[in-house]
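Read through the structure below, which is laid out as structure tokens, and then see the notes.
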Amino acid sequence: MTDRMEKNEGRDAAWRRELRDAMPAKERTAIPRAVMPMLPGEFRITNNDEVNQGLSEEQAVLEATRCLDCPTPTCIEGCPVNIAIPDFIKNIQRRDLPEAARILRKTSALPAVCGRVCPQERQCESRCIYNKMKKAPVAIGYLERFAADAERDSADTKIPEIVDNGIRVAVAGSGPAGLSFAGDMRRRGFDVDVFEALHEIGGVLKYGIPEFRLPNSVVDAELDTLRAMGVRFHANTIIGKTLSYDDLLNMGFRGIFVASGAGLPRFMGIPGEELSGVMSSNEYLTRINLMGAGRPGYDTPVLKGRRVAVIGGGNTAMDSVRTARRMGAERAMIIYRRSEAEMPARIEEIAHAREEGVEFLTLHNPVEYIGDDKGRVCGVRLQRMELGEPDASGRRSFVPVEGDIVTLDIDEAIVSVGVSPNPLIPDSIDGLNVTNRGTIAVDEAMQSSMPLIFAGGDIVRGGATVILAMGDGRKAAASMAEKLLADA
Amino acid sequence: MNRIIEKSHFSEHVVKLVVEAPEVAKARKPGHFVIVRTGQGGERIPLTIADADVAAGTITLVVQEVGVSTRKICALEPGDCFNDLVGPLGRATAVGKREGTVLCCGGGVGVAPLLPIIKAFKEAGNRVVSVLAARNKDLIILQEEVARYSDEVLIMTDDGSAGRKGLVTAGVEEVIQREHVAEVVAIGPAVMMKFVALLTKKYEVPTICSLNTIMVDGTGMCGACRVHVGGKLRFVCVDGPEFDAHQVDFDEMISRMKAYDPYTN
């Protein structure tokens, strides 16, 4: 609550009052929610261009006008990093875009990323006052993206002023948790080195999320901002392998933040899963997103299936199935054991997939893959399901319909049923406590069993969202900074 | 960027490269591998480390031309660089004093990753017998180096142009029959490891093999390298590359290694 009040202290400014008084609430709530301009579905599957084109300034200002600038804005509570939402929105309304971007940067290292990939409908926007009025919430995500993009397009990114304290900290992993931690620590004056195992900086933002949802140029611009602040990035370096814990201490690092992310893909353990053409979504997306497979000039091969089954109902499954359409699949199908209402994917992603011609086989679960004489997958047997009582996840469970099994011809299957934490660091640092799920055990301050090691993101959560990982990075930065400055 | 310091040819299609990689040279142990990438659009290719020189800050890699990416690697000359090199990856070989002979058998370029293991077992005080096998004498590599750390070396060639004519398994069986072999280490083509494993299983000699499955990231993320070992799904990049050869499903592995054949050449 105090956080929320602090985050809204700008509300009493004269200009905010003027904006509130300029138009009665009734008139503002009558404005329809902005519609995101996007490329048409049939065109999208011919290329990798970003689907959502972003609001125009006029659209954004009008959408910002809808925000009632509530005295106790519940939207902030819905945001894992508590962005000062009304403050940045009202700056968009008065067309002070640099100030809107500055407010976002105070709490988020990656506003242009979050504005694109956050599940706002379950976070900030789900808490908007408009929901209580049975109206569509303020499009906070669209506005966040608008402000961040405007800053980037103006080529006038504000580098915060930094007072160096000379204390070195290391980050393992350059995904959302690592980047958010790095930005926060650098702003506090720490000397930050980020080590990345892959040859590209950005983690899941580069290898996982496809270009049509999050262009690499957007990620690169955020990385450039961090570089301009003085954060150093080192690709091809694995903490625990290339550099040991002791190496880091000898190099003068006083704190280490482990954000090594998700790792091992889960498989279902059904017959035929070892056939060629059955792969994890991590493999499929990494080949295409990170390695450029399928594009001229790139050596990494990728299977271009004509009939592709993607198993799972999360965002990664949607990314995979939509990628398959773009790779030329005639049939790209989501196979999901529950119904659409239970799917963990964002509503927008499901809608986009459908517009792109993706087929949905809900209430179906693979029980066996069928192979040809060369060991390649050529079919899948699916058990039909029906919904039962809600289970531990709060979603309705699935119950097999006895004897109801259908066979589907496929030539590629992409398994997207979750991941386990990356085992590299837990395996190679002695004394680091690990949970029975393989995640690094941390306390509320994100501190591990080893005093100098903090951890956050998927290596702690097992599998979560970009924004939750960023929230961990922020929290770890705050507690590590406090500890190191107290020791100094 | 990691510079090539030295290059030599073992045969027309097998090249030895000494590469600048000081951190990897320091951290690596026998059994470890690296991932390299050549050119802007290059593939990530796993290669087992054949040797390292901590003082010089270099590692040695032995590469056989089999496709687009290995052809690019073999075309690199001293002064050229890998765009990327990361490691050491995988779990190191469990080396120690054994109650009996350690029999190390290498097929083709598999001898290169075997060399540091031979060396380590010798340094741990074991009697080491090595069996090197190849199609013909031109494809036998590192014989001198292997001999330096082995009590005895047997050479087997398919055509009898060097050593004895016959398959690697003939050499292995001979040694097992004449002396007490405590452990076998087999590295080479999947088919070779499969047949060595079948043989040593008959004699109940514990056998370790090092798998060279397809990998993309090589850091425990993509699952391309997965293989069943003892009925359990294992990932070669983080759980391996070495496994109990008697437990590996080689037929599955051999089939999966062809997954991208229609797409590469």
GluC sites (Glu not before Pro) restricted to DSSP loop in the range A:368-458 with at most 10 other C-beta within 10 Å
A:GLU444
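Given a 1.4 angstrom probe, what's the average accessible area per residue across the range B:101-256, in square angstrom? All intermediate terms of the calculation are to be shown ahead of the outcome.
Working: 5690 Å² over 156 residues.
Normalised by residue count, the accessible surface of the range B:101-256 is 36 Å².
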Checking the range B:1-66 for GluC sites (Glu not before Pro) in a loop per DSSP with at most 10 other beta-carbon atoms within 10 Å yields B:GLU12
Working from Cα positions, state the angle (0 to 90°, nearest 10) between the long axis of helix B:168-178 and the longest principal axis of chain B.
40 degrees
How big is the accessible area of B:CYS74 in square angstrom, nearest 10, if you roll a 1.4 angstrom probe over the protein chains?
10 Å²
Kindly sort A:ILE270, A:ILE238 by accessible area of their heavy atoms, largest first, with the probe set to 1.4 Å.
A:ILE270, A:ILE238
Working from Cα positions, state the angle (0 to 90°, nearest 10) between the long axis of helix B:190-202 and the longest principal axis of chain B.
20 degrees
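What is the packing order of peptides A:352-364, A:240-252, taking the mean over residues of other C-beta atoms within 10 Å and listing the highest first? Each step should come with its number before you reach the end.
Working: A:352-364: 19.2, A:240-252: 16.9.
The packing order, highest mean first, is A:352-364, A:240-252.
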Can you give me the Cα centroid spacing of the range B:203-256 and the range A:440-488 in angstrom?
34 Å
Probe 1.4 Å, accessible area per residue of the range A:267-415, Å²
38 Å²
Note down the accessible area of A:ARG474, probe 1.4 Å, to the nearest 10 Å².
60 Å²
Place a point 7 Å from the Cα of A:ILE405 in the direction of its beta carbon; the residues of the range A:348-385 whose amide N falls under 17 Å from it are A:364-372, A:378-385
Please list B:THR213, A:THR157 in order of solvent-accessible area, largest first, computed with a 1.4 Å probe with all protein chains present.
A:THR157, B:THR213
What share of all Cα pairs of the range B:68-205, in percent, falls into each consecutive 10 Å distance bin?
12, 39, 32, 14, 3
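If you roll a 1.4 angstrom probe over the protein chains with everything in place, what fraction of the accessible area of the range A:267-415 belongs to carbon and sulfur, to the nearest %? Walk me through the intermediate numbers first.
Details: 2710 of 5680 Å².
Roughly 48 percent, rounded to a whole number.
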Expressed as a whole percentage, what fraction of the accessible surface of the range B:64-143 belongs to carbon and sulfur atoms when a 1.4 Å probe is rolled over the protein heavy atoms?
49 percent
Where A:GLU196, A:GLU389 fall by accessible area, highest first, once all protein chains stay in place (1.4 Å):
A:GLU389, A:GLU196
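How high is the FRET efficiency from A:GLU9 to A:ARG395, r the C-beta distance, R0 35 Å, rounded to 0.05? Kindly include the intermediate steps, with their values, before the conclusion.
On the way: r = 39 Å, r/R0 = 1.12.
It comes to 0.35.
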Using alpha-carbon positions, what is the distance between the centroids of the range B:104-164 and the range A:201-259, in Å?
42 Å
Euclidean distance of C-alpha centroids, the range A:68-112 and the range A:279-327, integer Å:
35 Å
Enter the accessible area of A:SER154 (Å², nearest 10), with the probe set to 1.4 Å and all protein chains included.
70 Å²
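The values are calculated or read from the model by the stated rules, or taken from the named source; none is laboratory data. Since the structure is predicted, the reported quantities are computational estimates derived from the model, not experimental observations. Cβ atoms come from the backbone with ideal geometry, glycine included; neighbour counts cover every protein chain shown. Accessible surface areas use protein heavy atoms only, side chains included; no ligands, DNA or RNA. Shrake-Rupley method; radii C 1.70, N 1.55, O 1.52, S 1.80 Å.
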